[in-house]
1. Can we say N201 is of a type outside the set (V, I, T), in contact with a helix residue (DSSP H, G or I) (Cβ under 9 Å, 6 or more places away or on another chain) and either within 20 Å of V340 (Cβ to Cβ) or away from the ligand (no atom under 14 Å from the Cβ) (or both)?
2. Examine region 240-247 for a residue that is touching a residue at least 24 places away in the same chain (Cβ under 8 Å) and within 12 Å of the ligand (Cβ to nearest atom), and state whether such a residue exists.
3. Exactly one of these conditions fails for P362: (1) in contact (Cβ under 8 Å) with a residue 24 or more places away in the chain; (2) open to solvent by 60 Å² or more (accessible area, probe 1.4 Å); (3) under 27 Å from E199 (Cβ atoms); (4) away from the ligand (no atom under 16 Å from the Cβ). Give me its number.
4. Kindly list, by first and then second residue, each pair from a residue in region 264-281 that is in contact (Cβ under 8 Å) with a residue 60 or more places away in the chain to a residue that is within 14 Å of the ligand (Cβ to nearest atom) and assigned to a helix (DSSP H, G or I), limited to pairs with Cβ atoms under 6 Å and residues at least 6 apart or on different chains.
5. Taking T254 as the residue in question, decide whether it is polar (S, T, N, Q), closer than 23 Å to L193 by Cα and either open to solvent by 20 Å² or more (accessible area, probe 1.4 Å) or within 16 Å of the ligand (Cβ to nearest atom) (or both).
6. Report those strands (runs of 3 or more DSSP E) wholly inside region 143-253 carrying at least 2 residues which are aliphatic (A, V, I, L, M).
7. Going through region 287-346 one residue at a time, which ones are within 16 Å of the ligand (Cβ to nearest atom), among the acidic types (D, E) and not in a loop (DSSP other than H, G, I, E, B)?
8. Any idea how many residues of region 370-382 are within 14 Å of the ligand (Cβ to nearest atom), open to solvent by 30 Å² or more (accessible area, probe 1.4 Å) and out of contact with any Lys or Arg (no Cβ under 8 Å at 6 or more places or on another chain)?
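The values are calculated or read from the model by the stated rules, or taken from the named source; none is laboratory data. Keep in mind the model is a prediction, meaning the values are calculated, not measured. All Cβ positions, glycine included, derive from the backbone under ideal geometry; neighbour counts span all protein chains shown. Each accessible area value is taken on the protein alone, full model and side chains, heavy atoms only, with ligands, DNA and RNA left out. Shrake-Rupley method; radii C 1.70, N 1.55, O 1.52, S 1.80 Å.
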Amino acid sequence: MKILVLNAGSSSVKYSLFDMSNRSVLIAGIIERIGEEAASHSYTLPDTDRVREDIVSRNHQQALQVLFKTLAACRVLNDCRELACIGHRVVHGGEHFREPALIDTQVMQRIAEVIPLAPLHNPANLLGIEEAIRQMGDTPQVAVFDTAFHQTLPDYAYRYPLPKHFYAEHGVRRYGFHGTSHRYVAEQAAQCLGKSLSETNLITLHLGNGASVTAIQNGRSIDTSMGMTPLEGLMMGSRCGDIDPAIHFYLSRTLNLSNEAIESLLNKESGCKGICGENDMRAIHRMAEAGDEQAKLALAMYAYRIKKYIGAYFAVLGRVDALVFTGGIGENDAWLREQVCLDMTLFGIAIDQQKNQKPVRPCGNISQPNYGLAILVIATDEELEIAIQAMQCMEQPSL
Ligand code: ADP
């Protein structure tokens, strides 16, 4: 059984084709700069070098035509009947979707209804779905939502202290994101610990360009740092994370900045980039090593803000079986992991320096043996998780 996973953005489509009999990737690629003069397609087949081609892709229709032609030309998909389904990443499912959904017109309508909550993502996700249906109409399509894992948050965690009609009439609440990644690493962590997920308490740190932390109790998300949008929570590459909301009014009043200018400032010019001019963590380390004080400050702030959330989620969870690091930074940045875990023995957190330098892949425990709490470094795989969830959705008996 094969499953194609599609992640359609406004100007790109990422894809992976899985053979679910052994969960192996048959091909993975990305079509970029859709709608521009110089669109490109790059893909990798197992045990071969990456292939990169210039293509014509004026829109998502042409992008998917290129994709399906490539699958046939590479002989990884000879007949569309080999496909059990196509799994689509959808960023926002609002309150409608707690689980993946087999796509029909009603599901598409509901994804469209929450466009105001994810104006940059949901329209592109929908474009990908519509085009896949047009070109592969006989293949079932499943939507897997970034927000779904966090639908188990209790009301006192997801509500904001604002007048209630903003929630009731306008959906103003915490939704949380990166749910596919938090869920995937939670399952892997439980396996590593030899426990059932439904008995496991975790603090999962997804640290990539975007970053979020989730408190997981008995396998269920009970709080998470991203909010109504992915701007809240941890300091990120170019997003500010938690700041005093009154800064917005101050900037508007004193500098006469428009809402659009402030939105762009907080999303694209803040976080690490705002502090030291760079958003890529590897580059920030190089700057800090060369003595750049602002880069050192960005690193100190980044680690400090993660630490504060760990403390908060310890208080929320009471018992924690493991702290989990994932994402490009969480998986690769030994320095940051050490800083985050420094002086945390009170919580049972103590890192083993040597293990931290080279964690066992794909799931390594870098904790000192005598401490109760495991510190796990786990490689996330959102595409595989989407494929797994899409398959489970297909296998569910219809009501
Ligand atoms: P995205 O959120 O776009 O999926 P990733 O999870 O790939 O991003 O994370 C990207 C971040 O990971 C970048 O800031 C990058 O510098 C950082 N990163 C990747 N490898 C390393 C490394 N070896 N050490 C420190 N940071 C790293």
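1. Details: of a type outside the set (V, I, T): yes; in contact with a helix residue (DSSP H, G or I) (Cβ under 9 Å, 6 or more places away or on another chain): yes; either within 20 Å of V340 (Cβ to Cβ) or away from the ligand (no atom under 14 Å from the Cβ) (or both): yes.
Considered against the rule, which asks whether it is of a type outside the set (V, I, T), in contact with a helix residue (DSSP H, G or I) (Cβ under 9 Å, 6 or more places away or on another chain) and either within 20 Å of V340 (Cβ to Cβ) or away from the ligand (no atom under 14 Å from the Cβ) (or both), N201 comes out as yes.
2. No; the residues of region 240-247 include none that is touching a residue at least 24 places away in the same chain (Cβ under 8 Å) and within 12 Å of the ligand (Cβ to nearest atom).
3. (4)
4. Pairs that qualify, where the first residue is in contact (Cβ under 8 Å) with a residue 60 or more places away in the chain and the partner is within 14 Å of the ligand (Cβ to nearest atom) and assigned to a helix (DSSP H, G or I), are N279/C272; N279/K273.
5. Working: polar (S, T, N, Q): yes; closer than 23 Å to L193 by Cα: no; either open to solvent by 20 Å² or more (accessible area, probe 1.4 Å) or within 16 Å of the ligand (Cβ to nearest atom) (or both): yes.
No: the conditions fail for T254.
6. Details: elements: 202-207, 211-217, 220-224.
Where strands (runs of 3 or more DSSP E) fall fully within region 143-253 and carry at least 2 residues being aliphatic (A, V, I, L, M), they are 202-207, 211-217.
7. Matches in region 287-346: E289, E331, E338.
8. Of the residues in that region, 2 qualify.
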